[in-house]
Amino acid sequence: MRSSPHRLRTVRALFGALLTTLVTVAALLAATAPARADTVVCEQFGSTVIQGRYVVQNNRWGTSAPQCVTATDTGFRLTQADGSVPTNGAPKSYPSVFNGCHYTNCSPGTNLPAQLSTISSAPSSISYGYVSGAVYNASYDIWLDPTPRTDGVNRTEIMIWFNRVGPIQPIGSQAGTASVGGRSWEVWTGSNGSNDVISFVAPSAISSWSFDVMDFVDQTVARGMAQSNWYLTSVQAGFEPWQNGAGLAVNSFSSTVNTGGGGDPGGPGNPAAACQVTYGTSVWQGGFTADVTVKNTGSAAVDNWRLGFTLPSGQRVTSAWNATLSGTSGAVTASPVAHNARIAAGGTQSFGFQGSYSGTFAEPAGFTLNGTPCSVA
């Protein structure tokens, strides 16, 4: 039967109204949908991406016992870490977050591998969460190789032990002590049969820190365990558990590798002798801006400066100007842009950023300039 024009217009009108209703309902559902849930990774070598630039990996290789990591917006936490291995041998895993390439898995947008001689600085920041009742270390794993390889084992492994809990020790034997990044470290050297290892062990636990990875790379080159024409392939931060470990967390992590010059020929990140920071804020409900002035109160210029600080809990950076900020919460490092890389003796450089906060607003408790603690004006 042929439909009348009036009936067709009525059907079209009803269909259009139905489509409008469906679009409205979809929009309401999207507006009220919960934020993206944290990602749980339990596969032995499973991984996921956070912040669109870092890879979180489960990396369970020394045990068949279950292990799971939960990737968050800013890091990860170890939510299951069953089983144990002897403390006089290798750990059971290395759950971690990284910038660079690890066994062909490269983080999005990374500029690694990069030749060491081309790197002007590699600022990184970390905030760890520790637990009791486990045997583990909290450590960075920095890989160097004579070639720009993105697969397999590299020639030299640098480990930075931020914390050591239980009767465990690095590979090899202690070769002395060193001052790196303004801190004192035990230095251990050895080989695990596949690659050389140099470990820098903190004498007491460090929960958060902003520093330059290249300070440790320079020490490694100076000790003959790498060369300046080698390549940095990845910067990783996580935990090596021997027994248990559930609850361990990387609360926040950032890693940037700057290439193409900057700083004095003697090396990136000239040490600061003395410094002073002025931190001015404008605060409103849920948001703030910070204007930061860094003064070099020493007698020599500071090139390629890096200002480290830790934002109080609940604060997050949303934008910045006159500096590049690595990390949006927790431990943060501010690095210069092209026009303000030098702070003359007695001179200053300034930058600013905008952020959000929850709870009660507070200012950072302390600042370091290229590893040197600064006074606060």
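Data for the structure
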| read-out | value |
| --- | --- |
| Selected residue (only one of Val250, Val257 is aliphatic (A, V, I, L, M), closer than 30 Å to Leu78 by Cα and modelled with pLDDT under 95) | Val257 |
| Scan of segment 29-58 for residues that are touching a Pro at 6+ places or on another chain (Cβ under 9 Å), in a loop (DSSP other than H, G, I, E, B) and at pLDDT 95 or above, ordered by number | Cys42, Asn58 |
| Any chance Ser329 is outside any strand (DSSP E or B), among the hydroxyl-bearing types (Ser, Thr, Tyr) and touching a strand residue (DSSP E or B) at 6+ places or on another chain (Cβ under 9 Å) | yes |
| Qualifying residue in segment 98-120 (condition: touching a Ser or Thr at 6+ places or on another chain (Cβ under 7 Å), surrounded by fewer than 21 Cβ atoms within 10 Å (Cβ to Cβ), of a type in the set (S, T, N, Q) and within 12 Å of Val55 (Cβ to Cβ)) | yes |
| Number of positions in segment 127-144 that are crowded, with 16+ Cβ neighbours inside 10 Å and either modelled with pLDDT under 95 or polar (S, T, N, Q) (or both) | 3 |
| Qualifying residue in segment 305-312 (condition: of a type in the set (Ser, Thr, Tyr) and in the same structural domain as Gly83 (by TED's automatic domain parsing)) | no |
| Single match in Asn111, Asn154 (criterion: closer than 30 Å to Arg342 by Cα, polar (S, T, N, Q) and not in a strand (DSSP E or B)) | Asn111 |
| Selection count, segment 172-185, where residues are assigned to a strand (DSSP E or B), at pLDDT 95 or above and either among the hydroxyl-bearing types (Ser, Thr, Tyr) or in contact with a Ser or Thr (Cβ under 6 Å, 6 or more places away or on another chain) (or both) | 1 |
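The values are calculated or read from the model by the stated rules, or taken from the named source; none is laboratory data. Computed from a prediction, not measured in an experiment: that's the story for all the values here. Here Cβ is always computed from backbone atoms with ideal geometry, including for glycine, and neighbour counts include all displayed protein chains.
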